[in-house]
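Below is one structure, written out as structure tokens, with a few remarks after it.
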Amino acid sequence: MLICLKNVTRVYKVGVERIHALAGINLEVEPNEYVAVMGASGSGKSTLMNILGCLDRCSGGTYELNGRDTTRLSSGGLAHVRNTQIGFVFQSFELLPRLNALKNVELPLIYAGGTTWLARRTRAKEKLERVGLAGRIRHRPNQLSGGEKQRVAIARALSNNPSILLADEPTGNLDSHTSRDIMMLFDELHRQGQTIVMVTHEEDVARHAERILHMRDGKIISDEHTGDRRLTPEDMEVDDA
Amino acid sequence: MLRVLTAPLLFVALLVQSIRLALGQIWANKMRSTLTTVGIVIGVASVTSVIAALTGLRAKVLKDFETLGTNKIFIVPHWPREGKFRHFNWRQIRFRPKQFEGLLERCPSIEDYTLMTDRGQTVYHGVHSIDGARVNGINPSWHRIENRSVVAGRPFTLMDEENGWQVCLITPDVRDELRLDRDCIGRRIVIDRRSFQIVGVVEGRVKGGMFGDMGSSKEVFIPFETAWRLWDPWIYAMASCRKPELSKEAQAELRFFLRQSRRLGPGDPDTFRLEVIEEYLKTFNKMAMAITAVAGGVVGISLLVGGVGIMNIMLVSVSERTREIGLRKAVGAKPSAILLQFLVESVVLCLFGGLLGTLAGQGMTSLIAKIPNASLDMAYIPLWAIGLSFGFAGSVGVFFGMFPAIKAARLDPIEALRHE
């Protein structure tokens, strides 16, 4: 079992009011699954994402990642988990503007430590090649298109060979054509064995996953396995039309 | 085990990365960074130039003393106001020449000594006269202790001394004031109704030093024996030790010797005093320290103000880069890594200020050195002062950068990533 959530709750205090963003989530994810989390805004899907990514702690329940309980870890311990087990892809890319593509991808490797300058560089180049940006490693974010920026972000997320790739609306800031390319990249990564958990509100995007969770009011209301029905590019053409 | 090995490597990698980031940040905000460091620049510039001025002054004083001779010891009578000496009078306290017999044999650290008398007297040559000229009785060894050359005629010899001849050496100022010719050797002048033959002209005292004239430049020298026979005067002695380092030993030997020759009992206080030029140097050093302390206070205040400026700009930097901090945390930066990054940035900023300040200080020092008649022409910034300035600037960076850095390190990654 890669991810195991048991009765996870997350309560925010806003003034005197208590908001139950997650109200008892039970979830298990196996290695190499491709999961999409859907739901309206305020349904708790972002909170779930933050918990899965060890950016946030649950108020109750337990979260085991790779068989290790994360609920008792210090903030330094959580940082280590994020560094070694999790790769984030954000809607707005979150690249550091003053660093070129290569340096951005190297960032998690620097915080991991224990690698030489050359090893970091080689690894970062390899990841950039994998997302198809071999020719643009010296470019800064402002010299790259939206799709290219997201590819750099994906390369960065992959740099430490994470157990899970967490994507939060990865196509939210992209046009449909670029979105399709990015989704094909995700499909490709999944085929190579990468576990992916993705938050989206677009049906088209969710349809790439093998398993779709629907959330409402902090609960998972449906969990459907759609099987291995990755769309071919030809299908996408039809969809767009 | 592996963690123990890789931890220092990680720290170095983070440090290098942080330094590069900090330099990039300063370069990207050139104007802002420069303005921010003004406080530090002023602080460092003032501390370096004050130290430079004091160093220059000290070098000047030392040089003055060097011409006076740092290895000289003055031996003067002293009347202790206690014990049995309370009821003595000055005639019993004063030195007698025979008390110094055998001094050189008994005091191996002493190279030479001369007995001296010192009286202010009126000197005549025909109708011309000088009131209050200094008439000094000296031994021939005086010429070896004082490095004052005889510019005309000859120095004193043992013959002058032993025969108690009425001969004299004069300084050029005396010669000029008495309207004597340049070639005045063999002429006679009158001191205390007695005629003295001029045998030589000895150069005057060093003038224009830190301490002004160090006494009159109108000096007449006569053999000590002559002075002793004529006037039965008040005497003192001047000795030189073999090396300046031997000063302490020389003083101990002199004290032992004089206590014996003056027949002082074991419990009696000294009836003489040994005065060393170094004592004056110590006084100067105390004064310099007082000035440094005052300047240090001023510098402290400007560094404090500068530090507050640094803290302010670092807080701005943290809030400007909240999203960046969030992202760094999301990809696995520990709070300590973020702390290090911002601390390094503030330290680098302060060191940059320190660099500008040192350059400004150098400029000010060059200006100070050009002030006429201020005895500061030897001012320079010693290396340790530069080290000290950078040390202070760095400490200010750590101290005032700590709060913003802690603030950054404690940011919640989710909040930070949501920050606009």
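Readers should treat all values here as calculations from the given coordinates under stated rules, not as data from a laboratory. Every value quoted in this text rests on a predicted model; they were computed, and no experiment measured them. When we count neighbours, we look across all protein chains shown, and the Cβ atoms used for this are built from the backbone with ideal geometry, even at glycine.
Computed quantities for the displayed model
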{"read-out": "Hypothetical label at B:Leu158: residues of segment B:95-130 whose amide nitrogen lies under 19 Å (7 Å Cα-Cβ projection)", "value": "B:98, B:100-106, B:111-115"}
{"read-out": "Residues A:Lys219, B:Lys30 arranged by fewest to most Cβ contacts within 10 Å", "value": "B:Lys30, A:Lys219"}
{"read-out": "Inter-probe distance in nm under a simple model that places probes 7 Å from Cα toward Cβ, at A:Thr122 and A:His225", "value": "4.0 nm"}
{"read-out": "Net charge over other residues, Cβ less than 9 angstrom from the Cβ of B:Leu230 (K, R count +1; D, E count -1)", "value": "0"}
{"read-out": "Calculated FRET efficiency for the pair B:Val298/A:Asn173, C-beta based, R₀ 56 Å, to 0.05", "value": "0.55"}
{"read-out": "Simple Cβ-charge dipole of segment B:72-276, Lys/Arg +1 and Asp/Glu -1, about Cα centre, in debye nearest 20", "value": "540 debye"}
{"read-out": "Fully extended contour minus Cα-Cα distance, from A:His20 to A:Arg57, at 0.36 nm per residue", "value": "12.0 nm"}
{"read-out": "Neighbour-count order for A:Thr9, B:Thr271, fewest beta carbons within 10 angstrom listed first", "value": "A:Thr9, B:Thr271"}
{"read-out": "Relative contact order (%) - criterion: Cα under 8 Å, at least six apart; region: chain A", "value": "27 percent"}
{"read-out": "Shielding by other protein chains, A:72-79, mean Cβ within 10 Å", "value": "4"}
{"read-out": "Distance in nm between pseudo-label sites at B:Glu203 and A:Ser41 (7 Å out along the Cβ direction from Cα)", "value": "9.3 nm"}
{"read-out": "Per-residue ³J(HN,Hα) for segment B:92-97, Karplus 6.51 cos²θ - 1.76 cosθ + 1.60, θ = phi - 60°, Hz, x for Gly and Pro", "value": "7, 7, 5, 7, 10, x"}
{"read-out": "Radius of gyration and Dmax over the Cα atoms of segment B:72-276, both given in Å", "value": "18.1, 57"}
{"read-out": "Among beta bridges that DSSP assigns inside segment B:72-276, antiparallel share in %, nearest 5", "value": "80 percent"}
{"read-out": "Antiparallel %, DSSP beta bridges [both residues in the protein assembly as shown], to 5", "value": "70 percent"}
{"read-out": "Residue-averaged beta-carbon neighbours from other chains (10 angstrom radius) around B:322-329", "value": "4"}
{"read-out": "Label point distance in nm, B:Lys286-A:Arg68, each placed 7 Å from Cα along Cα→Cβ", "value": "6.7 nm"}
{"read-out": "Theoretical gain in end-to-end length, B:Arg91 to B:Val316 [0.36 nm per residue, Cα-Cα removed]", "value": "72.9 nm"}
{"read-out": "Top positive-direction residue, dipole computed over segment B:72-276 with Cβ charges, set B:Trp231, B:Tyr113, B:Val190", "value": "B:Trp231"}
{"read-out": "Kirkwood Rh, angstrom, segment B:244-357 [1 / mean 1/r, Cα pairs]", "value": "20.5 Å"}
{"read-out": "Ranking of B:Lys243, A:Lys103 by count of other Cβ atoms within 10 Å, fewest first", "value": "B:Lys243, A:Lys103"}
{"read-out": "Two-decimal ratio, segment A:98-212, of alpha-carbon radius of gyration to 2.2 N^0.38 Å", "value": "1.06"}
{"read-out": "Using a Förster distance of 41 Å, the FRET efficiency for A:Asp204-A:Ala134 (Cβ separation, nearest 0.05)", "value": "0.90"}
{"read-out": "D_trans [Stokes-Einstein, Kirkwood Rh over alpha-carbon pairs] for chain B, 37 °C, 0.692 mPa s, µm² s⁻¹", "value": "120 µm²/s"}
{"read-out": "Rounded to whole Å, sorted largest first: equivalent-ellipsoid semi-axes of the protein assembly as shown, Cα gyration tensor", "value": "94, 25, 19"}
{"read-out": "Chain B: calculated mean residue ellipticity at 222 nm from DSSP helix runs of at least 4, using -39500 (n - 2.57)", "value": "-18500 deg cm²/dmol"}
{"read-out": "Chain A: antiparallel DSSP beta bridges as a percent of all, rounded to 5", "value": "55 percent"}
{"read-out": "Charged-residue dipole, Cβ positions (Lys, Arg, Asp, Glu), the protein assembly as shown about Cα centre, Debye nearest 20", "value": "2340 debye"}
{"read-out": "Residue-count net charge about B:Pro108 - beta-carbon cut-off 9 Å; Lys, Arg +1, Asp, Glu -1", "value": "-1"}
{"read-out": "Segment B:20-146 - charge dipole about Cα centre, Lys and Arg +1 at Cβ, Asp and Glu -1, debye rounded to 20", "value": "500 debye"}
{"read-out": "Cα shape, chain A, gyration tensor, a/c 1.5 rule", "value": "oblate"}
{"read-out": "For segment A:1-44 and segment B:121-161, distance of Cα centres in Å", "value": "107 Å"}
{"read-out": "Estimated 222 nm signal from helices in chain A, with DSSP H stretches of n ≥ 4 weighted -39500 (n - 2.57), rounded to 500", "value": "-10500 deg cm²/dmol"}
{"read-out": "Positive minus negative residues near B:Val199 (Lys, Arg vs Asp, Glu; Cβ under 12 Å)", "value": "+2"}
{"read-out": "Pairwise FRET efficiency - B:Trp27 versus B:Lys370, Cβ, R0 = 41 Å, nearest 0.05", "value": "0.70"}
{"read-out": "Added length on full extension, which subtracts the Cα-Cα distance from 0.36 nm per residue, B:Arg182 to B:Leu359", "value": "58.4 nm"}
